[in-house]
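Here's the structure, in structure tokens; my notes come after.
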Amino acid sequence: MPRFDLVIGTDTGVGKTIVSAFLVGKLAGEGGIPSYLKPVLTGTSMSDPESDPSRCKALSGVSGLQVECLYVFPEPIDPMTAAARAGMRIDPRRIRSEVGHRASSSHLVVEGSGGILSPFFPDGRGILSAFTPGDLTRARVHLVSHPHLGGLSQLLTSVRLLSEIGVVPTIHLVFRRWADPFPLATSLNPSTLRALLPEYEILLHDSHPSPKT
């Protein structure tokens, strides 16, 4: 398995696409040829300008960025259930094979769906189970959450889960797009996390990044 970037989140709507666009832009700025893969897209279509692939392409500002999805389901529900309701099954072997193939010819950014344990496959396992432990330790794993009240427990639980399989992710905190009713927690949580997780890189991101041109 070639190296690739895997973006996963503690929940849905935490900013995985913003981080994916940041990584795509960073790879392009370093002289690489990036590409983007969303293995499973639910609740929309590839042509929707508000879909994750469309937003990643716009926000990254990378001209001609190749964006792909392997499975697309119109209902806004978890991948496993969306596939079952469409009479399909999501194949983890296909996801791993496509990631390996695409990562061999470009700097690939893979964006997950939902949270870290959102069910993808018929047995209820999540996207991490599509890869071997060796795949994941060679990948650059990015864990996305938010710095607001209620985020600490989700993020620390996800970090513990990843540590059990030998993965030390870069942590990305994305500020939410709506008014913050608990600004004190938001101001303190990043430093609290840095104190609790001194060995982890923790990056902060604007919730309203301007599309790059």
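Assorted remarks:
- Of all residues in the range 50-70, those that are among the polar types (S, T, N, Q) have Cβ atoms under 8 Å from Cβ atoms of residues that are surrounded by fewer than 22 Cβ atoms within 10 Å (Cβ to Cβ) and assigned to a loop (DSSP other than H, G, I, E, B), 6 or more apart or on another chain, in Ser51/Thr44; Ser51/Ser45; Ser54/Met46; Ser54/Ser47; Ser54/Asp48; Ser60/Lys212; Gln66/Ser106.
- Candidates Leu197, Leu136 - the one that is surrounded by 15 or more Cβ atoms within 10 Å (Cβ to Cβ), under 30 Å from Arg94 (Cα atoms) and among the aliphatic types (A, V, I, L, M): Leu136
- Subset of the range 158-195 that is without any contact (Cβ under 8 Å) to a residue 12 or more places away in the chain and among the polar types (S, T, N, Q) - its residue that is nearest to Asp135 (Cα to Cα): Ser163
- Matching entry among Val159, Val99, Val110 (being surrounded by 20 or more Cβ atoms within 10 Å (Cβ to Cβ) and either over 15 Å from the mean Cα position of the chain (by Cα) or in a strand (DSSP E or B) (or both)): Val110
- Criterion violated by His208 - all others in (1) over 17 Å from Asp11 (Cβ atoms); (2) surrounded by 18 or more Cβ atoms within 10 Å (Cβ to Cβ) satisfied: (2)
- Of Ile8, Ile33, Ile90, all but one fail to be at pLDDT below 95 and either in the same structural domain as Trp178 (by TED's automatic domain parsing) or under 25 Å from Asp135 (Cβ atoms) (or both); the exception is Ile33.
- Residue tally, condition outside any loop (DSSP other than H, G, I, E, B) and among the polar types (S, T, N, Q), over the range 3-28: 2
The values are calculated or read from the model by the stated rules, or taken from the named source; none is laboratory data. No experiment lies behind these values; they were computed from the predicted model shown. When we count neighbours, we look across all protein chains shown, and the Cβ atoms used for this are built from the backbone with ideal geometry, even at glycine.
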